[in-house]
1. Whole-Hz Karplus ³J(HN,Hα) for segment 330-339, in order, using 6.51 cos²θ - 1.76 cosθ + 1.60 and θ = phi - 60°, x for Gly and Pro?
2. Compute the Cα gyration tensor for segment 1-78, then decide on rounded, prolate or oblate, letting a ≥ b ≥ c be the square roots of its eigenvalues: rounded whenever a/c is under 1.5, prolate when a/b is larger than b/c in the other cases, and oblate in all that remain.
3. 5 Å is the cut-off here: which amide hydrogens, built 1.01 Å from N in the peptide plane, fall below it relative to LEU209, excluding neighbours closer than 5 in sequence?
4. With every protein chain left in place, what is the accessible area per residue of segment 301-401 in square angstrom, probe 1.4 Å?
5. Any idea how far the Cα center of segment 27-55 sits from the one of segment 279-358, in Å?
6. Which percent, to the nearest 5, of DSSP beta bridges fully inside segment 302-407 are antiparallel?
7. Per-residue counts of other Cβ atoms within 10 Å, averaged by peptide: what ranking do you get for 33-40, 197-204, 180-187, 242-249, highest first?
8. Using the Cα atoms of segment 319-411, I'd like the radius of gyration and the largest Cα-Cα distance, Dmax, both in angstrom.
Amino acid sequence: MLPIKVPPLGESIVEATVSRWLKKEGDAVAAGDTLVDLETDKITVEVPALKPGVLAKRSKAEGEVVHVDDVLGELDETAVPAAAGATTAPAAASTSSSASSPPTARTTPSPARASAPTQAESTKSSPAARRIAEERGIDIAAVAGTGRGGVVSKPDVLAAQMQQRPTVTQRPRGNGATPGERETREKMSTRRKRIAENLLQSQHATAHLTTFNEVDMSAINALRERYKEKVEKEHGVKLTFMPFFVRAACQALKQFPMINAQIDGDTIVYKHYVNMGIAVASDQGLVVPNIKDADRKGTIELSREISEVAKRARDGKLTMEDLTGGTFTLTNGGVFGSLISTPIINYPQVGILGLHKTQDRPIAVNGEVKIRSMMYIALSYAHRIVDGQQAVLFLVRIKELVEDPAAMLIE
C-alpha cells in the first residue's frame, strides 16, 4: 500500500482541514488525479495520486484538521486500473446474451457512449477542472485552456467563472436561507477561522497602535491624467495611484527600517529589502500576496505586477510563493468607499499602511480655502519595537513623497 500524505503546505503553515474527498474507497485513479482537497488559511491544496491504482482507504474524514506528513489514506498500486475494469462489464453482458443471440451479435459489444463522446468529454481537461466546472455549472467545452497542448486546468475554469460573474445571481449569505427564515447557521471555513485567529494573534502580540494623516492627491491625479493613456498604450497597464504609494512606502522604509523589521523572540530582524504585501479581497476571503523586491522596481513595473498579482488572487491562481515572505503591507479600503479605518497588522510584520477613499474637501492653502482631492492614510504599527515618533515621521514622509511625486525620482 502506498500512503497518501499531507504535502508541505508552505512557510509558517503547519495544518490544514480536509475540505473534500474527490474519490471514494474502491475508486480507481490515474496518476495525477486529485484525491482530496486540503484548505489552509491561504490557499486550497490539491493532493494528487502519485501512481495509478485504487483508493483503498480514507483515513481522514472531511472536516478533520491534519498536519504536514499526516497519512490521509492508502492507495493500492497493485489493483486493477479503471480502464481494465470498465471493459469487463460489456464483455460479461455479451456473454450472458449469447444464449439467445446469434454469435455475430458479440462483434459489437462497445457501449453507445464510447462511440459518441460528448463535447465536454472530448475536451482536454484535468480532473479538478472537470469537477469544478460540474459543481459550478460551467460548460468546460467553452473554456479556453492555458495548459500544455490546450489542456483546461482548474484556474482556467475559475477564470471563466469570474468572467461570467455579472450574470450570476449571488446567493445570500448563510446557506439554505429561505424567505421568512429568521436565522441560519453556516460553519466557518478553515480559511475564515485562520484569518480570525491570525488577526486576533496580531492584536495580542504587537501592542497595536494606529496614527493618521491626510494627503493631497492633486499632484498624483494630475500626473496620472497626463500619462495614463501613454502608459496604457505603450506598456499595456493602467496607471493607478497604488504604485506611487508602493514607491513612497519603499523609500520611507529605507529611512525608518524599524517599520520593515520583524521580531524573532528577543531579537529584531532587519530586512534590507521590501517584499510589499498588497491586500486583495477575493471570494475566499482577504489574501495578501506580495511583490518581491518592490524597492528595486520602477512605477511601470510595479503597476504591471500589482495588476497581475491582484488578478491571480481574484482568479484563485495564487501560489504559495505569492503569499509568503512579505515584509510590509498596503491595504486600500477606499475601493469599497471607506473614508477612514484602522488596519490590523499582517503578523509577524510590524507595520501596515491603510489607504482610503479620495474625496474633494475644502482645505486651507496659503491662507485661502481651496477644494482639493484629499485622502486619509493610516499606519498601524507594533509599538513593541516601533516608537510613536518613528511612526508619525514615517507617515509624514509618505505624505511628502505623494504630494511631490517628482521627489521619488531623485531619492
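1. 10, 9, 10, x, x, 5, 9, x, 5, 8
2. The shape class here is prolate.
3. TYR381, HIS383
4. Numbers: 4530 Å² over 101 residues.
Value returned for segment 301-401: 45 Å² of accessible area per residue.
5. Here the answer is 30 Å between Cα centres.
6. Values: 12 of 16 bridges.
That works out to approximately 75 percent antiparallel.
7. Details: 33-40: 20.5, 197-204: 13.4, 180-187: 8.0, 242-249: 23.4.
The packing order, highest mean first, is 242-249, 33-40, 197-204, 180-187.
8. Reported Rg and Dmax, both Å: 15.6, 52.
The values are calculated or read from the model by the stated rules, or taken from the named source; none is laboratory data. Remember, predicted model here, so these are calculated numbers, not experimental data. FYI the Cβ positions are ideal-geometry reconstructions off the backbone, even for glycines, and counts take in every protein chain you see. Quick note on the areas: whole protein, heavy atoms, side chains included, nothing else; ligands and nucleic acids left out. Shrake-Rupley method; radii C 1.70, N 1.55, O 1.52, S 1.80 Å.
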